[in-house]
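The values are calculated or read from the model by the stated rules, or taken from the named source; none is laboratory data. All figures in this text were calculated on a predicted structure; none of them were measured in a lab. No Cβ is skipped: glycine too gets one built from the backbone with ideal geometry, and neighbour counts run over all protein chains shown. Heavy atoms of the whole protein, side chains included, go into the accessibility calculation; ligands, DNA and RNA do not. Shrake-Rupley method; radii C 1.70, N 1.55, O 1.52, S 1.80 Å.
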Amino acid sequence: MDGDVEHLAQRFEEHRGHLHAVAYRMLGSLSEAEDAVQEGWLRASRADSRAVDNLGGWLTTIVARICLNVLRSRGTRREAALDVQEYEYVRVPDPLLGPVDVVDPEQEVLLADSVGLALMVVLETLAPAERLAFVLHDLFAVPFEEIATIVDKTPAATRQLASRARRRVQGRTPSHSTDRTRQREVVEAFIAAARGGDFEALLALLDPDVVLRADAGAMPGTKLVRGARTVAEQAYTFRRFAPLNRVVLVNGMPGIAAVSEGRAFSVLAFTLGADGRITELNILADPERVPSLDVSFLPST
């Protein structure tokens with residue numbers, strides 16, 4: 001029996017990266033994703049896997065069930081924020097940070113498969129079963145028949161869950177593919193304008209209907225600001241922090257991490273429109289989450 005567990009442990013490690021990717025997209029939290037994967041191992045190690053034909057699919061189902069339970073058990077404070085117009089209860093997920101100049105071919109492959117933070121924000125607005133159906137089917141090509149057993153619905157009803165989620169995602173995320181080089185140029189121009197206190201230059205980078213979402217980890221919710229001038233004013237207010245800004249990859253695209261003494265204290269993700277102007281800014285400044293993000297790849301200054 002010990003030999004079976006040891007063999008399963010080896011096979012589990014082969015699938016760990018995939019399982020963590022599933023859990024991260026399901027939960028939007030790096031720590032919770034790691035916990036879900038670890039719990040998945042504990043459950044798998046206690047079960048009899050000898051008759052399992054598709055180990056990867058079996059492990060994915062186990063971790064997905066755990067993630068669904070986490071989503072369902074999360075306390076919601078959405079109603080408490082609905083009457084406050086400048087706030088919304090949409091949590092900005094933990095970002096995946098990386099070096100902006102990537103030369104490692106394996107890391108390039110991982111970045112190509114990254115899910116943008118703007119999409120992750122939209123996933124936070126979905127009902128748990130909708131999120132699971134969309135993530136597993138649309139992002140990982142899991143058949144509806146397998147997803148149906150997790151959400152305890154028919155394949156047809158599960159297909160409808162994914163369809164509803166897909167409509168919401170398509171309505172709130174950009175449909176074009178942004179060039180990473182162009183986005184880096186915009187991010188560097190944003191930093192330069194902020195450092196120079198150039199309000200008009202900041203304004204020129206923004207789409208007239210730009211949305212800024214700032215999650216500082218406190219109630220009543222996430223700060224929501226709309227419109228180019230108002231967003232530029234917000235950015236201008238924080239220009240004193242501009243010297244600390246570093247260009248990094250945020251979920252595979254150039255963004256900004258504000259770093260001091262080797263620790264991050266805010267992360268800014270950009271979404272560009274077809275004309276190259278900024279249509280969405282997502283800021284994570286939660287003092288309980290941001291300092292734990294890995295910025296070890298940045299050279300010391």
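Have a look at R50, R46 and point out the one that is open to solvent by 90 Å² or more (accessible area, probe 1.4 Å) and in contact with a helix residue (DSSP H, G or I) (Cβ under 8 Å, 6 or more places away or on another chain).
Values: R46 fails: in contact with a helix residue (DSSP H, G or I) (Cβ under 8 Å, 6 or more places away or on another chain).
Criteria check complete, one pass: R50.
Kindly indicate the residue of segment 44-68 that is more than 23 Å from A129 (Cα to Cα) and of a type in the set (S, T, Y) and also modelled with the highest pLDDT among those meeting that condition.
My answer is S45.
Is one or more of the residues making up segment 75-87 small (G, A, S), part of a helix (DSSP H, G or I) and modelled with pLDDT under 85? Give the derivation first.
Let us first name the residues in segment 75-87 that are small (G, A, S), namely 75, 80-81.
Checking the rest, the ones that are also part of a helix (DSSP H, G or I) come to 80-81.
With the extra rule that they be modelled with pLDDT under 85, the set shrinks to 80-81.
Yes - at least one qualifying residue is present in segment 75-87.
If a residue must be among the hydrophobic types (A, V, I, L, M, F, W, C) and free of Cβ contacts under 8 Å to residues at least 60 places away in the same chain, how many such residues does segment 259-301 contain? Full working, then the answer.
Keep residues of segment 259-301 that are among the hydrophobic types (A, V, I, L, M, F, W, C), which gives 259, 264-265, 267-270, 272, 274, 278, 281, 283-285, 290, 293, 295, 297-298.
So of that shortlist, the ones also free of Cβ contacts under 8 Å to residues at least 60 places away in the same chain come out as 259, 265, 268, 290.
So the count comes out to 4.
Which of the residues that make up segment 218-236 are among the hydrophobic types (A, V, I, L, M, F, W, C) and surrounded by 16 or more Cβ atoms within 10 Å (Cβ to Cβ)?
L224, V225, A228, V231, A232, A235
Taking only pairs six or more apart or across chains, which ones have beta-carbon atoms under 6 Å, a first residue in segment 137-149 that is farther than 14 Å from Q160 by Cβ, and a second residue that is small (G, A, S) and loosely packed, with under 13 Cβ neighbours inside 10 Å?
none
For segment 1-57: of the residues being in a helix (DSSP H, G or I) and of a type in the set (S, T, Y), which is nearest to A141 (Cα to Cα)?
Start the filter on segment 1-57 by keeping residues that are in a helix (DSSP H, G or I), which leaves 2-27, 30-46, 55-57.
Subsequent filtering for residues that are of a type in the set (S, T, Y) retains 24, 31, 45.
Values: Y24: 16, S31: 25, S45: 25 Å.
Selected residue: Y24.
Out of L71, L111, L96, report the one residue that is modelled with pLDDT under 90 and either among the β-branched types (V, I, T) or surrounded by 15 or more Cβ atoms within 10 Å (Cβ to Cβ) (or both). So that I can check it myself, show each step before the final result.
Values: L71 fails: modelled with pLDDT under 90; L96 fails: modelled with pLDDT under 90.
The unique qualifying residue is L111.
Only one of V231, V151, V248, V210 is under 30 Å from P299 (Cα atoms) and aliphatic (A, V, I, L, M); which? Steps first, answer last, please.
Working: V231 fails: under 30 Å from P299 (Cα atoms); V151 fails: under 30 Å from P299 (Cα atoms); V210 fails: under 30 Å from P299 (Cα atoms).
Checking each option against the conditions leaves just V248.
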